[in-house]
Every structure is written in structure tokens, then in C-alpha cells.
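Undergrad: Handing you a structure now.
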């Protein structure tokens, strides 16, 4: 849902890179990190955010720059159960992992092992191989989550052996 950036000021505020369509929506989700720590987020002035960790003894606001610095690059997630159902022809990228990848003829190329996005566009890693395919409508014309597969039309410069 987001990644905590650098601290902002000395009172524990942080910059947050929100991956939601509307950054304000980040406040509406229960947020957790990879280790299971729970957080709430409240936007403050200037695009900074106030984080509160929800602990067994109660809420604990992040109030110092030192605490905020320790959270830099922390990834924040929301439980799948609280996310809205995708619209028709939409899906969550995480749902692609594990799907079978077939070529246009129906031959199996492998399984989607990972979804990468380094800022230049999303790509699918198909194993074994690995084979990297740009995740575009031309290169992946069919995504059928219910049937458990995608159809891949690899670009000409990609070598694929069925």
C-alpha cells in the first residue's frame, strides 16, 4: 500500500510513498509491515504523515526523528480481506503469481514466479527460465485468473522454447 520514506522534521513525521489511487485512502486501511507490526497513518501538513504503531499495550505514536529514521523504507501492507474486489478485466498483480503461462498455441511456457516493476513498466517473470515478459496487452493478451492461466505473446527479441 505504501513505503515509508525519509523523516520530516524532528517530531516523528515521515514522508510516505502511497501506492493507492488516492493517497488519502491510505488512512482508511489497517496497515501492517512484513513482520506483522500494525500501524495507522494520519496525513499532516506538507504531505508528511504521522504514524502510530498499534501495540499490545495500546497505540504508540512515533514522536521523534530517531524513531522515524528507523522506519525509513518500511513497506506497509493491507490485509487482502479489506481490499475492494477488482472490477471486470482488473486484478491484483499478486494474483498473477502462480498462474500458468501458455503461448498463443496453448503450449505451457511455465509459471509466473514473480511480478517486477522497477519504474519502467511491469514485467512478468516466468519460470523455469527465467523468462521476462513485459506486462502489456500485446505481450499478455489474456489474463484468466479463474482458469488459472495467462496467454503470452513474447516480443520478437525474446527467445522462447515451448
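The values are calculated or read from the model by the stated rules, or taken from the named source; none is laboratory data. Note that the coordinates shown come from a computational prediction; the quantities given were computed from them, not determined experimentally. We place every Cβ from the backbone using ideal geometry, glycine too, and count neighbours over all the protein chains shown.
Undergrad: Does segment 65-85 include one or more residues that are in contact with a helix residue (DSSP H, G or I) (Cβ under 6 Å, 6 or more places away or on another chain) and buried (at least 16 other Cβ atoms within 10 Å of the Cβ)?
TA: no
Undergrad: Considering only segment 123-135, how many residues are in a loop (DSSP other than H, G, I, E, B) and under 10 Å from residue 152 (Cα atoms)?
TA: Selection size over segment 123-135: 1.
Undergrad: Could you tell me how many of the residues in segment 72-122 are under 13 Å from the mean Cα position of the chain (by Cα) and in a strand (DSSP E or B)?
TA: Residues flagged as under 13 Å from the mean Cα position of the chain (by Cα) and in a strand (DSSP E or B) within segment 72-122 amount to 8.
Undergrad: Could you please give the count of residues in segment 145-154 that are out of contact with any helix residue (DSSP H, G or I) (no Cβ under 6 Å at 6 or more places or on another chain) and either surrounded by 13 or more Cβ atoms within 10 Å (Cβ to Cβ) or modelled with pLDDT under 90 (or both)?
TA: Residues flagged as out of contact with any helix residue (DSSP H, G or I) (no Cβ under 6 Å at 6 or more places or on another chain) and either surrounded by 13 or more Cβ atoms within 10 Å (Cβ to Cβ) or modelled with pLDDT under 90 (or both) within segment 145-154 amount to 6.
Undergrad: Can you find even one residue in segment 155-162 that is at pLDDT 90 or above and either touching a helix residue (DSSP H, G or I) at 6+ places or on another chain (Cβ under 6 Å) or over 23 Å from residue 3 (Cβ atoms) (or both)?
TA: No.
Undergrad: Given (1) within 30 Å of residue 17 (Cβ to Cβ); (2) outside the structural domain of residue 18 (by TED's automatic domain parsing); (3) surrounded by fewer than 17 Cβ atoms within 10 Å (Cβ to Cβ), identify the lone condition not met by residue 135.
TA: Residue 135 satisfies every listed condition except (3).
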